[in-house]
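Participant: Handing you this structure, nothing more for now.
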Amino acid sequence: MHDVVIVGGGPAAIGAAVYAARKKLKTVLVAKEFGGQSAVSSSIENWIGEESISGFDLAQKLERHLRAQKSIEIISGELANKVSEISGGFQVETDQGKTLETKTVVLASGSRRRRLGIPGEAKFEGKGVVFCATCDAPLFQDKTVAVVGGGNAGLESVVDLSSYAEKIYLVVRGDTLRGDQITQDEVKGNAKVEIIYGALPEEVLGDQFVTGLRYKDKNTNEVRSLAVDGIFVEIGAVPNSEIMGGLVKLNQFNEVVIDHKTGATSKPGIYAAGDVTDEIYKQNNISVGDAVKAALSAYNYILGMHRRSPAEEISV
């Protein structure tokens, strides 16, 4: 039986794996691919220690750091698709039929961005179609962009972009905005922003990079186009929590509910970190820190040890 199985291949999973290796835990990491959602980003400028790095380069660095931990067994190209409880621990199954028995699990399976599902979206992902304003807003300095989404995610993206973009179209399917009122007021009062209500996106336009967004006015059925350099799709995310099969507590958004001090879930022995959890700030740096906590908590769980704060130590 393994000490820990880590599910995922993004920054959170790699962070957990490195720390599990340092604690000499018998560890397996299962990942379909490496890098997480950021792998498609052309430039990441908020990864601490790197002024700018492409998503591809970051994914490679993460994988190299993982493989440098010689004690870890790596199962790549396979998707962990089920976690179940067994005597003495848990069983993790993959889509290729492998079964792994383990004392603990660290779930770092991330989430997937909800897509528009229109022509051109996949083709231009990372080439003008982006899914994180916090990550990629600086790339659109003095550019014209469209933000699709009238909820908090869309409104907050507009706020992030307003320091960089020259012109921002906020494309909203409905007839009203749905986000927090204070953020709505900020967006509506921004001279850079033009809100387009009742707009149904139909196609992302472009050549090598995005050049526009075609949409239909749902009230008139007229098809129109916006000339833009970038399209920020901000219509929510879907946590990759299905594999838990009811084993741990989820919130109304299907995010895994964790103790943010330890990364513990509602099931003793199962820990989680990153975008699959109810952490409100979905950022790589935060995911790594949370994953380190989860790995150390798994180590303490295996030893039956309660970790105390160094502030409690006294001199002898």
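The values are calculated or read from the model by the stated rules, or taken from the named source; none is laboratory data. Since the model is a prediction, treat every value here as computed from it, not as a measurement. We place every Cβ from the backbone using ideal geometry, glycine too, and count neighbours over all the protein chains shown.
Participant: Looking at (1) surrounded by fewer than 22 Cβ atoms within 10 Å (Cβ to Cβ); (2) in contact (Cβ under 8 Å) with a residue 60 or more places away in the chain, which is the only condition ARG67 fails?
Facilitator: All conditions pass for ARG67, except number (2).
Participant: I would also like to ask the following. Please work out if SER109 is surrounded by 17 or more Cβ atoms within 10 Å (Cβ to Cβ), hydroxyl-bearing (Ser, Thr, Tyr) and modelled with pLDDT under 95.
Facilitator: No; evaluated as a whole, the condition is false for this residue.
Participant: Please find, within region 278-295, the residue that is surrounded by the fewest Cβ atoms within 10 Å (Cβ to Cβ) out of those that are out of contact with any Phe, Trp or Tyr (no Cβ under 6 Å at 6 or more places or on another chain) and under 14 Å from ALA20 (Cβ atoms).
Facilitator: Looking at residues that are out of contact with any Phe, Trp or Tyr (no Cβ under 6 Å at 6 or more places or on another chain) and under 14 Å from ALA20 (Cβ atoms), I get LYS293.
Participant: Any residue at all in region 93-113 that is out of contact with any helix residue (DSSP H, G or I) (no Cβ under 7 Å at 6 or more places or on another chain) and on the phi > 0 side of the Ramachandran plot?
Facilitator: yes
Participant: So is VAL92 buried (at least 17 other Cβ atoms within 10 Å of the Cβ), modelled with pLDDT of 95 or more and more than 18 Å from the chain's Cα centre (by Cα) or not?
Facilitator: yes
For every residue, the table says whether it meets (1) assigned to a helix (DSSP H, G or I); (2) under 23 Å from ASN46 (Cβ atoms); (3) out of contact with any helix residue (DSSP H, G or I) (no Cβ under 8 Å at 6 or more places or on another chain); (4) not assigned by TED's automatic domain parsing to the domain that holds ALA227.
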site: VAL147; (1), (2), (3), (4): no, yes, no, no
site: VAL159; (1), (2), (3), (4): yes, yes, no, no
site: ALA165; (1), (2), (3), (4): no, yes, no, no
site: TYR169; (1), (2), (3), (4): no, no, yes, no
site: ASP175; (1), (2), (3), (4): no, no, yes, no
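Participant: Mind telling me which of the residues TYR281, TYR271, TYR299 ends up being out of contact with any Pro (no Cβ under 7 Å at 6 or more places or on another chain), assigned to a loop (DSSP other than H, G, I, E, B) and not assigned by TED's automatic domain parsing to the domain that holds ALA165?
Facilitator: When all the criteria are applied, what remains is TYR281.
Participant: State all residues of region 259-295 that are of a type in the set (Asp, Glu) and touching a Lys or Arg at 6+ places or on another chain (Cβ under 6 Å); if no residue qualifies, say none.
Facilitator: Scanning region 259-295 gives a single hit, ASP275.
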